[in-house]
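A quick write-up on the structure given underneath.
The values are calculated or read from the model by the stated rules, or taken from the named source; none is laboratory data. What you see is a predicted model; the values in this text were computed from it and never measured. Cβ atoms come from the backbone with ideal geometry, glycine included; neighbour counts cover every protein chain shown.
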Amino acid sequence: MANGQTISSIVAWGYNDYGQTNVPVPNSGFVAVAGGGYHSLAVHSDGDADGDGIPDSLDLCLNTIPGSPVDADGCPPMIPFDFLRDGDVDARDLMVFDFCSTGPATFGPPAGCAQATFDILDRDQDGDVDQDDFGVFQRCYSGENHPADPACAG
Ligand SMILES: [Ca+2]
Ligand SMILES: [Ca+2]
Ligand SMILES: [Ca+2]
Ligand SMILES: [Ca+2]
């Protein structure tokens, strides 16, 4: 097989007493295959851009920070204020807070801020995004590339 060529799919047959012929899904994108009496091997063309162990084709969160736990979809835990869903609460998430903050007793999202985002930011659910809500944001702030605590909002 030429370099860079991919196999569209793999079939398997024969004895299956140890599951050797159970081809895992997704059955595509392999670049090399090999087999032995008790095992089968295939090399996948997929990369893992964020290095969390979940290949790009299955990873729903492609920018996970190093060291963050991930689920089967390659996504970090749901963390309050982690709008980029990369596992930290950092300056980029703060930009969202800034953008949607209203100050005290100014109710409803400012122009361009989605209601759903505003509702997440309004921790005390009093209709504004102000200093009280920012206090919770500060407790969740982990800094760039540091995994944040999913229970930070307490
Ligand atoms: Ca990944
Ligand atoms: Ca990921
Ligand atoms: Ca983040
Ligand atoms: Ca509030």
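Those residues that are of a type in the set (Val, Ile, Thr) and more than 12 Å from ligand 2 (Cβ to nearest atom), I need them from the stretch 8-67; list them, please. Write out each step before concluding.
Taking the stretch 8-67 first, the residues of a type in the set (Val, Ile, Thr) are 10-11, 21, 23, 25, 31, 33, 43, 54, 64-65.
Listed by number, the residues that qualify are ILE10, VAL11, THR21, VAL23, VAL25, VAL31, VAL33, VAL43.
Give the residues of the stretch 103-126 that are surrounded by 14 or more Cβ atoms within 10 Å (Cβ to Cβ) and either assigned to a loop (DSSP other than H, G, I, E, B) or within 16 Å of ligand 3 (Cβ to nearest atom) (or both), sorted by residue number. Walk me through how you get there before you give the answer.
Step one: filter the stretch 103-126 for residues surrounded by 14 or more Cβ atoms within 10 Å (Cβ to Cβ), giving 109, 113, 117-123.
The answer is PRO109, CYS113, THR117, ILE120, LEU121, ASP122, ARG123.
Among the residues that make up the stretch 53-66, is at least one of them in contact (Cβ under 8 Å) with a residue 40 or more places away in the chain, surrounded by fewer than 13 Cβ atoms within 10 Å (Cβ to Cβ), more than 16 Å from ligand 4 (Cβ to nearest atom) and assigned to a loop (DSSP other than H, G, I, E, B)?
So the first thing to find is which residues in the stretch 53-66 are in contact (Cβ under 8 Å) with a residue 40 or more places away in the chain, and the list is 65-66.
Then drop every residue that is not surrounded by fewer than 13 Cβ atoms within 10 Å (Cβ to Cβ), which leaves 66.
Then keep just the ones that are more than 16 Å from ligand 4 (Cβ to nearest atom); that gives 66.
Within this subset, residues satisfying the condition of being assigned to a loop (DSSP other than H, G, I, E, B) are 66.
So far as the stretch 53-66 goes, yes, one or more of its residues are in contact (Cβ under 8 Å) with a residue 40 or more places away in the chain, surrounded by fewer than 13 Cβ atoms within 10 Å (Cβ to Cβ), more than 16 Å from ligand 4 (Cβ to nearest atom) and assigned to a loop (DSSP other than H, G, I, E, B).
Are there any pairs with C-beta distances below 7 angstrom linking a residue in the stretch 85-96 that is touching a residue at least 60 places away in the same chain (Cβ under 8 Å) to a residue that is within 16 Å of ligand 1 (Cβ to nearest atom) and of a type in the set (A, V, I, L, M, F, W, C), with the two at least 6 apart or on different chains, and if so which?
Within 7 Å, the pairs are GLY87/ILE65; ASP88/ILE65.
Which residues, taken from the stretch 27-45, are in contact (Cβ under 8 Å) with a residue 24 or more places away in the chain and in a strand (DSSP E or B)? Please lay out each step first, then the result.
Applying the first criterion (in contact (Cβ under 8 Å) with a residue 24 or more places away in the chain) to the stretch 27-45 yields 29-33, 40, 42, 45.
Answer for the stretch 27-45, where residues must be in contact (Cβ under 8 Å) with a residue 24 or more places away in the chain and in a strand (DSSP E or B): PHE30, VAL31, ALA32, VAL33, SER40, ALA42.
Condition first: surrounded by fewer than 19 Cβ atoms within 10 Å (Cβ to Cβ) and either in contact with a Lys or Arg (Cβ under 9 Å, 6 or more places away or on another chain) or in a helix (DSSP H, G or I) (or both). Now tell me which residues in the stretch 127-142 satisfy that.
Listed by number, the residues that qualify are GLN131, ASP132, PHE134, GLY135, VAL136, GLN138, ARG139.
Mind telling me which of the residues VAL43, VAL70 ends up being away from ligand 3 (no atom under 12 Å from the Cβ), within 9 Å of the chain's Cα centre (by Cα) and closer than 30 Å to SER9 by Cα?
Details: VAL43 fails: within 9 Å of the chain's Cα centre (by Cα).
Step by step, each of VAL43, VAL70 is checked, and only VAL70 is away from ligand 3 (no atom under 12 Å from the Cβ), within 9 Å of the chain's Cα centre (by Cα) and closer than 30 Å to SER9 by Cα.
Checking the structure you have, find out if any residue of the stretch 89-98 is outside any helix (DSSP H, G or I), modelled with pLDDT of 95 or more and more than 16 Å from ligand 4 (Cβ to nearest atom).
Restricting attention to the stretch 89-98, the residues satisfying the condition of being outside any helix (DSSP H, G or I) are 89-90.
Then keep just the ones that are modelled with pLDDT of 95 or more; that gives 89-90.
This time we only want the ones that are more than 16 Å from ligand 4 (Cβ to nearest atom), so: 89-90.
Looking through the stretch 89-98, at least one residue is outside any helix (DSSP H, G or I), modelled with pLDDT of 95 or more and more than 16 Å from ligand 4 (Cβ to nearest atom).
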